[in-house]
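Enquirer: Mind looking over this structure? Questions follow.
Just so it is clear, none of the values below were taken in a lab; they were calculated from the coordinates. In this text, all values refer to a predicted model and were calculated from it rather than measured experimentally. All Cβ positions, even for glycine, are placed from backbone atoms using ideal geometry, and neighbour counts span all protein chains on display.
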Amino acid sequence: MLANLNDVLKPAQAGKYAVGLFNTTDSDMLEAAIGAAEELRAPIIIGTAEVLLPYGELKLIAPGLVAAAKRASVPVVVHYDHGLTFECTMEALKLGFSSVMFDASAKPHDQNLAETAEVVRIAHAFGATVEGEIGHVGEAAKGDESLADMYTTPEEADEFIRATGVDALAVAIGSAHGVYKKKPMLNVKRLMEIRAKVDAPLVLHGGSGLSDDDFRNTIREGIAKVNVFTDLCLAGDAAMAEGLEKKLGYLETRNLRVAKIKEAVMTKMKVFGCAGKA
Ligand code: 13P
C-alpha cells in the first residue's frame, strides 16, 4: 500500500527501529526491494534521486514505482530523494510520489530555509511528506564525512524544522554518499544532542559501508530512516560479474542480479529492526 513518511517513520521512532530508503532506478531493483519488504514484512521507502535521473527517466519510472507501492502488501513510501531543483521536485509530486526530499543544503542557510519551506507548503497540499537537510552530507569519494564543520548543529536543526515544517530531517554526523575510503567515525554524541532538541524523525544518509554497530548506535539514539543505494549497486555488480564468469546469459544474470540485490536489502532491513513491523 502507498504510504508517506509520517505513516512509516512515526511508528519507527516510537519503536526505536529505522525504515530503509532503497533507491530503485530500474524495474529489477524495484522487484528486489519490494520482494525483500514483503518477504520480511517490513515497511520500505523506495524511489530515485535527482542525480540518478540520467539512469532512469522520472516520467518512465514513476508509474512503475507508484503501481508497485499500491499493490504491495506492506507500506511503501515512494520518495523523491535529493530533489535539487524546484521544477523536478514538483514533477515528482505531480507524478504521484508520496514523499520528497528537497535538498538545498549546499545553498546559503537562508535560501535553504526559504526554498524548503516553499516545497513543504506545496507538498503538504498534495498530501505528501517532505524531508529537508541542514548541515551537509557530502561525498565519500572526497572524504567529506570527516569535515566536521559541515555537521548539523542542534540549534540549526531546531530552527530549520520550525521555519520549514519538514516532516523528517537529514542530519550530517559523519556519514557520506558512496564508497568510503576509510572507516567513517559517526558522531553519535552530536546525534544525541540534536535528538534532545528536536522531535522530527532524523535521517542518516550514506548508509552503504557503515557497520552494523553504526546502525544500532544511531538508531538507538534517534535515527528513524537510513538511506542505502551504493551497496545495492555493488550487489548488482557482483551478480553481473558472476553471470559473466559462469556464462549465464542475459536473463539468468538478470535474475541473479535481482536475487543479490534482494538479499542486500534484506540484510539491511534485519539490522535496521524494521523486519516484522508491517
Ligand atoms: P549510499 O549510496 O552511500 O548508500 O547513500 C545513499 C543515500 O544517502 C541516498 O540519499
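Enquirer: Only residues that are among the small types (G, A, S) and more than 16 Å from the ligand (Cβ to nearest atom): list them for the range 73-96, please.
Expert: S73, G96
Enquirer: When you look at E133, is it of a type in the set (D, E) and within 15 Å of the ligand (Cβ to nearest atom), yes or no?
Expert: Against the criterion (of a type in the set (D, E) and within 15 Å of the ligand (Cβ to nearest atom)), E133 qualifies.
Enquirer: Sticking with this one: Going through the range 193-216 one residue at a time, which ones are within 23 Å of N6 (Cα to Cα) and within 18 Å of the chain's Cα centre (by Cα)? Break it down into steps so the answer makes sense when it comes.
Expert: Going residue by residue through the range 193-216, those that are within 23 Å of N6 (Cα to Cα) are 193-207, 215-216.
Within the range 193-216, A200, P201, L202, V203, L204, H205, G206, G207, F215, R216 qualify.
Enquirer: Given the condition in contact with a strand residue (DSSP E or B) (Cβ under 7 Å, 6 or more places away or on another chain), within 24 Å of A49 (Cα to Cα), part of a loop (DSSP other than H, G, I, E, B) and away from the ligand (no atom under 14 Å from the Cβ), answer yes or no: does some residue in the range 203-217 qualify?
Expert: Let us first name the residues in the range 203-217 that are in contact with a strand residue (DSSP E or B) (Cβ under 7 Å, 6 or more places away or on another chain), namely 203-208, 215.
Okay, now just the ones that are also within 24 Å of A49 (Cα to Cα), so 203-208, 215.
Adding the requirement that they be part of a loop (DSSP other than H, G, I, E, B) leaves 205-208.
From what is left, the residues that are away from the ligand (no atom under 14 Å from the Cβ) are none.
Within the range 203-217, not a single residue is in contact with a strand residue (DSSP E or B) (Cβ under 7 Å, 6 or more places away or on another chain), within 24 Å of A49 (Cα to Cα), part of a loop (DSSP other than H, G, I, E, B) and away from the ligand (no atom under 14 Å from the Cβ).
Enquirer: Of all residues in the range 228-239, which are away from the ligand (no atom under 12 Å from the Cβ) and either touching a helix residue (DSSP H, G or I) at 6+ places or on another chain (Cβ under 7 Å) or hydrophobic (A, V, I, L, M, F, W, C) (or both)?
Expert: G236, A238, A239
Enquirer: May I pose another question? Please work out if K225 is among the charged types (D, E, K, R), crowded, with 23+ Cβ neighbours inside 10 Å and within 16 Å of the ligand (Cβ to nearest atom).
Expert: So K225 passes the test.
Conditions (1) closer than 21 Å to G222 by Cα; (2) assigned to a strand (DSSP E or B); (3) among the hydroxyl-bearing types (S, T, Y); (4) more than 15 Å from the chain's Cα centre (by Cα), marked per residue:
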position: A14; (1), (2), (3), (4): yes, no, no, yes
position: G47; (1), (2), (3), (4): no, yes, no, no
position: L60; (1), (2), (3), (4): no, no, no, yes
position: G64; (1), (2), (3), (4): no, no, no, yes
position: S73; (1), (2), (3), (4): no, no, yes, yes
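Enquirer: Contact list please: Cβ distance under 9 Å, first residue in the range 207-232 and in contact (Cβ under 8 Å) with a residue 40 or more places away in the chain and of a type in the set (D, E, K, R), second residue outside any helix (DSSP H, G or I) and away from the ligand (no atom under 12 Å from the Cβ), pairs at least six apart or on different chains.
Expert: Every condition considered, the pairs that remain are R216/G273; R220/K16; K225/A18; K225/V19; K225/A168; K225/P201; K225/L202.
Enquirer: List pairs: first in the range 137-156 and on the phi > 0 side of the Ramachandran plot, second within 15 Å of the ligand (Cβ to nearest atom), Cβ under 7 Å, 6+ apart or cross-chain?
Expert: G143/K181
Enquirer: Within the range 187-202, work out how many residues are in a loop (DSSP other than H, G, I, E, B) and either among the polar types (S, T, N, Q) or buried (at least 17 other Cβ atoms within 10 Å of the Cβ) (or both).
Expert: 4
Enquirer: While we're on this one: Would you say G47 is crowded, with 17+ Cβ neighbours inside 10 Å and free of Cβ contacts under 8 Å to residues at least 60 places away in the same chain?
Expert: In short, yes.
Enquirer: Now a separate question. Name the residue, out of S99, S27, that is of a type in the set (S, T, Y) and either within 16 Å of the ligand (Cβ to nearest atom) or on the phi > 0 side of the Ramachandran plot (or both).
Expert: From the options S99, S27, the qualifying one is S99.
Enquirer: Could you tell me which numbered condition L248 fails, if it satisfies all but one of (1) free of Cβ contacts under 8 Å to residues at least 24 places away in the same chain; (2) within 19 Å of the chain's Cα centre (by Cα); (3) part of a loop (DSSP other than H, G, I, E, B)?
Expert: (2)
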